[in-house]
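**Student:** I'd like to ask you about the structure that follows.
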Amino acid sequence: MLIVMKPHATSEEIDAVKKKIHSMGFTAHSIPGAQRVAIGVTGNKEALEAEDFIILPGVADAVRVSQPFKLVSREVKEENTIVKVGEVVLGGPQIVVMAGPCSVETEEQILEAAVAVKKAGAVILRGGAFKPRTSPYEFQGLREEGLKLLALAREKTGLKIVTEIKDTETVSMVADYADILQVGARNMQNFSLLERLGTLRKPILLKRGLSATLKELLMAAEYIVSKGNHQVILCERGIRTFETMTRNTLDINAVPVLKALSHLPVIVDPSHGIGLRQHVSAIARAGIAAGADGLIIEVHPHPDQALSDGHQSLSGEQFASLMQQVQGIASAIGRSLDSARDEPAVPRPRSG
Ligand code: PEP
Ligand code: MN
């Protein structure tokens, strides 16, 4: 149930509603919103009676939420959630592009990638330091050393950084470095991890599981939000189908459907979605045309030498061309790209 307070409800009236919810043995969640205060109720097995709440002072309405995902649904919050990463705004009118290598490999590689993606207009640098690989014999990432290199790239370029969080043990370490923590497809239903991330106050990029339905993705997001972290970005990264010509099948349907069902920002990962370098741009264009709020793209200075996902990684030039194409699609649908700011990340010392 969602309890909508009157525009001028006092804090005492809001507290009284929360107290009543707690006294019934349920959980009250404040739903951040620009227009009015709303309180979500969870934990009830059966439907609540709206009358129990409507009679309370300051309450405008009490409405049933029909979807199983409550706090992330549009029913509970009509306006888009805006996730802010410094000056970068996700979920607003501008399209945000995150780009960089699949894995952080060396200082030279990550700095070269960072400079190239920034030049082409990306505002967030991606790079895995903890890699969940299918084979235990493949490159597992540089771990904390990789995080340090990402932080160095941020310092040098001013780009924000997104990196994968693989397990609960490393949450505080990764959170110390990252601006956005990425939950990989293989961890989408790692509920202990999701709950732990719900206690952070940092944005979480939640990727759709390889065989997850949209409902399961939204329920996974609900795990994070119900613990108090409202800054969740959903990511469509392709699902497993019977098709073998491509690595995955990017479910373009997911974009408008998620946008309609949820107020959370939605981005598309065309690199993992198709898995073939020569087709990444086409799928990136399709994602933006379908209404995605952003993209995450794998870019490597030397894609053929990449330690992971080289076959789907773009060179700097290929990425620059993708950005031009995406810009064209964005303007056709009345949106624009948030592009890299020119100011240096670290203020230059004044001379004299
Ligand atoms: C990645 O972003 O490099 C990655 C491992 O993605 P996914 O979890 O979507 O497979
Ligand atoms: Mn990858």
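The values are calculated or read from the model by the stated rules, or taken from the named source; none is laboratory data. Because the structure is a prediction, the values reported are computed rather than measured. A quick note on method: Cβ atoms are made from the backbone with ideal geometry, for glycine too, and the neighbour counts reach across all protein chains shown. Surface accessibility is based on the protein's heavy atoms, side chains included, excluding ligands, DNA and RNA. Shrake-Rupley method; radii C 1.70, N 1.55, O 1.52, S 1.80 Å.
**Student:** Which of the residues that make up the range 174-193 are within 16 Å of ligand 2 (Cβ to nearest atom) and either over 16 Å from the mean Cα position of the chain (by Cα) or of a type in the set (D, E, K, R) (or both)?
**Tutor:** R186
**Student:** Check the range 104-111 and report whether any residue there is closer than 28 Å to M5 by Cβ, of a type in the set (A, V, I, L, M) and in contact with a helix residue (DSSP H, G or I) (Cβ under 9 Å, 6 or more places away or on another chain). Spell out how you get there, then give the answer.
**Tutor:** Taking the range 104-111 first, the residues closer than 28 Å to M5 by Cβ are none.
There is no residue in the range 104-111 that is closer than 28 Å to M5 by Cβ, of a type in the set (A, V, I, L, M) and in contact with a helix residue (DSSP H, G or I) (Cβ under 9 Å, 6 or more places away or on another chain).
**Student:** Now for a separate question. Based on what the data block shows, is E138 within 12 Å of ligand 1 (Cβ to nearest atom), in a loop (DSSP other than H, G, I, E, B) and among the acidic types (D, E)?
**Tutor:** Numbers: within 12 Å of ligand 1 (Cβ to nearest atom): yes; in a loop (DSSP other than H, G, I, E, B): yes; among the acidic types (D, E): yes.
Taking the combined requirement at face value, the residue satisfies it.
**Student:** Just one of the numbered conditions (1) out of contact with any Ser or Thr (no Cβ under 7 Å at 6 or more places or on another chain); (2) outside any helix (DSSP H, G or I) is not true of M219; which one?
**Tutor:** Of (1) out of contact with any Ser or Thr (no Cβ under 7 Å at 6 or more places or on another chain); (2) outside any helix (DSSP H, G or I), only one is false for M219: (2).
**Student:** I'm trying to understand the selection: among the residues of the range 162-173, which are more than 12 Å from the chain's Cα centre (by Cα) and either within 13 Å of ligand 1 (Cβ to nearest atom) or closer than 23 Å to E236 by Cβ (or both)? So that I can check it myself, show each step before the final result.
**Tutor:** The initial filter retains those residues of the range 162-173 that are more than 12 Å from the chain's Cα centre (by Cα), namely 165-173.
Answer for the range 162-173, where residues must be more than 12 Å from the chain's Cα centre (by Cα) and either within 13 Å of ligand 1 (Cβ to nearest atom) or closer than 23 Å to E236 by Cβ (or both): I165, K166.
**Student:** Within the range 159-167, identify whether any single residue is among the polar types (S, T, N, Q), modelled with pLDDT of 95 or more and open to solvent by 10 Å² or more (accessible area, probe 1.4 Å), and answer yes or no. Talk me through it step by step, then tell me what you get.
**Tutor:** Keep residues of the range 159-167 that are among the polar types (S, T, N, Q), which gives 163.
The next check asks that each one be modelled with pLDDT of 95 or more; those that pass are 163.
Pick out the ones that are also open to solvent by 10 Å² or more (accessible area, probe 1.4 Å) and you get none.
Within the range 159-167 (the criterion being among the polar types (S, T, N, Q), modelled with pLDDT of 95 or more and open to solvent by 10 Å² or more (accessible area, probe 1.4 Å)), the answer is no, since none of the residues qualifies.
**Student:** While we're here: Check off (1) within 24 Å of K215 (Cα to Cα); (2) open to solvent by less than 10 Å² (accessible area, probe 1.4 Å); (3) modelled with pLDDT of 95 or more for T81 and give me the number that stays unchecked.
**Tutor:** Here T81 meets the rest and fails (2).
**Student:** Given (1) under 21 Å from the mean Cα position of the chain (by Cα); (2) surrounded by fewer than 24 Cβ atoms within 10 Å (Cβ to Cβ), where does L125 come up short, assuming only one miss?
**Tutor:** All conditions pass for L125, except number (2).
**Student:** Six or more apart or on different chains, Cβ under 8 Å: which pairs go from a residue in the range 166-189 that's within 16 Å of S103 (Cα to Cα) and assigned to a loop (DSSP other than H, G, I, E, B) to one that's away from ligand 1 (no atom under 12 Å from the Cβ) and open to solvent by 40 Å² or more (accessible area, probe 1.4 Å)? Could you list them?
**Tutor:** Close Cβ pairs satisfying both conditions: A178/K202.
**Student:** Still on this structure, I have one more. Failed condition for A221, given (1) away from ligand 1 (no atom under 13 Å from the Cβ); (2) open to solvent by 20 Å² or more (accessible area, probe 1.4 Å); (3) in contact with a strand residue (DSSP E or B) (Cβ under 9 Å, 6 or more places away or on another chain); (4) of a type in the set (A, V, I, L, M), with all others met?
**Tutor:** Result: A221 passes all but (2).
**Student:** Go through the range 269-297 residue by residue and tally those that are surrounded by fewer than 24 Cβ atoms within 10 Å (Cβ to Cβ), within 15 Å of L234 (Cβ to Cβ) and among the aliphatic types (A, V, I, L, M).
**Tutor:** Qualifying residue count, the range 269-297: 1.
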